[in-house]
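Peer 1: Below is one structure. I have some questions about it.
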Amino acid sequence: MRHRCKVPKLSMTSDRRRAVLAGQATDLILHGKVDTTPARAKATQALVERLVTWARKGDQASQRRAFAILQSKDATAKLFAELGPQYRDREGGYTRILKLGPRRGDGAETARLTWV
């Protein structure tokens, strides 16, 4: 049952899912876009929205919480130095998901997660 479950399971164990979403969030922060499936994009979007909200606060506790998820000093530094101040006056909706169509290899639907 999925009562009160906010993150979809994505057919993974919780450790693997946490690692995949953290990796995609890191790639989005460092490179500005991520191409993936729509389900993974929605799950990553929820994580990234939370991280940017913490970056808007800018305090040390928020930095430590973000680093605990991302496990990357470069991504955490960019998140708090560039993205937090960039979205200071925006209340939410920092990212968008664009549908790209089927993937060439296996025909799976793809989506691009980018910044607004």
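The values are calculated or read from the model by the stated rules, or taken from the named source; none is laboratory data. All figures in this text were calculated on a predicted structure; none of them were measured in a lab. Ideal geometry is used to build each Cβ from the backbone, glycine not excepted, and the neighbour counts take in all protein chains shown.
Peer 1: Scan the stretch 29-58 residue by residue and report those that are touching a Phe, Trp or Tyr at 6+ places or on another chain (Cβ under 8 Å) and among the hydrophobic types (A, V, I, L, M, F, W, C).
Peer 2: Val48, Val52, Ala55
Peer 1: Could you list all residues from the stretch 13-36 that are of a type in the set (A, V, I, L, M), closer than 23 Å to Pro102 by Cα and touching a Lys or Arg at 6+ places or on another chain (Cβ under 9 Å)? Don't jump to the end; show me each part of the working.
Peer 2: Pass one, the stretch 13-36, residues of a type in the set (A, V, I, L, M): 19-22, 25, 28-30, 34.
If we keep only those that are closer than 23 Å to Pro102 by Cα as well, we get 20-21, 25, 28, 34.
Hits for the stretch 13-36 are Val20, Leu21, Val34.
Peer 1: Also, quick follow-up: Kindly establish whether Leu28 is touching a strand residue (DSSP E or B) at 6+ places or on another chain (Cβ under 8 Å), modelled with pLDDT of 95 or more and aliphatic (A, V, I, L, M).
Peer 2: So Leu28 fits the description; yes.
Peer 1: If I ask for residues that are without any contact (Cβ under 8 Å) to a residue 40 or more places away in the chain and farther than 19 Å from Asp27 by Cβ, which ones from the stretch 60-92 would you list?
Peer 2: Passing the criteria: Gln60, Ala61, Ser62, Gln63, Arg64, Arg65, Pro85, Arg88, Asp89, Arg90, Glu91.
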